[in-house]
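A short worksheet on the structure shown next.
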Amino acid sequence: MSATVLRMSDVHLRRGARQILTGVSFEVGRGELVALMGPSGSGKTTVLRAIAALEPFHRGRIAIDDVTLDGGSPASNETLRRLRRKVGMVFQFHCLFEHMSAMKNVCLAPVHVHGVSQADALKRGRELLSALGVEHRADALPRELSGGEAQRVAIARALAVDPQLLLMDEPTASLDPDRREELGRRLRALLADGRTLVVSTHDEEFARHFATRIVRLQSGVVAGG
């Protein structure tokens, strides 16, 4: 395996009295596309949210390159700032800002969070939208996009800050077979650029065809992979 980008070590997470993750441990190497699989409620989306520091966990450790999150300890603002440069996330329902065009969605974080100039952000945005085949939709609002187009804009937005690790939650949920195949090819192309992807999915066929490895969760713990 190539250099480790992500390491989860004995991660426990609960919501109230309910234990969601009960000791999740696995590693992801640079250039891998790892599919997180398991039945509904097994903790797939929660794993992604914990990695992205969107949900606190109570025990264990998550290391993304040289950034470390420790269970039970809130991350400092500096740690979160560094994490946001290393991790991008594409949500199942895209979560684009409805009042902003596709291009403005893509440019928002680089300009307002990371201090990139408007001109540089626009240049990067055009490159990403073009690479993902939606450059012609740059001025469209999210409600004017198809599901597949919205997804690709969301991927461009996540890639706009040039993260090493891209997280995706159920990316094929609303796609027909042709769009699923197209998405799989585009994600594999990202690996050639040195990206690392972790994808939660119920889609066994997609995982078999496009993932480099499958990690299976069952009842909040890794059951295989």
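A few notes on this one:
- Between A192 and D120, the FRET efficiency estimated from the beta carbon spacing at R0 = 35 angstrom works out to 0.90.
- Helices assigned as whole DSSP H runs in the chain whose Cα atoms extend at least 27 Å along their own long axis and whose mean Kyte-Doolittle hydropathy is 1.6 or higher are not found.
- Choice from V113, V28, V153 with maximal GNM fluctuation in the chain (Cα, 10 Å cutoff): V113
- P(r) tail for the chain: Cα pairs beyond 33 Å make up 14% of the total.
- Gyration tensor (alpha-carbon) shape descriptor, segment 138-213, a/c threshold 1.5: oblate
- When each of V215, V198, V67 is scored by the number of other beta-carbon atoms lying within 10 Å, the sequence from fewest to most is V67, V215, V198.
FYI, it's all coordinate maths here, none of it is from the lab. All values derive from a computational prediction rather than experimental measurement. Neighbour counts run over all protein chains shown; Cβ positions are idealised from the backbone, glycine included.
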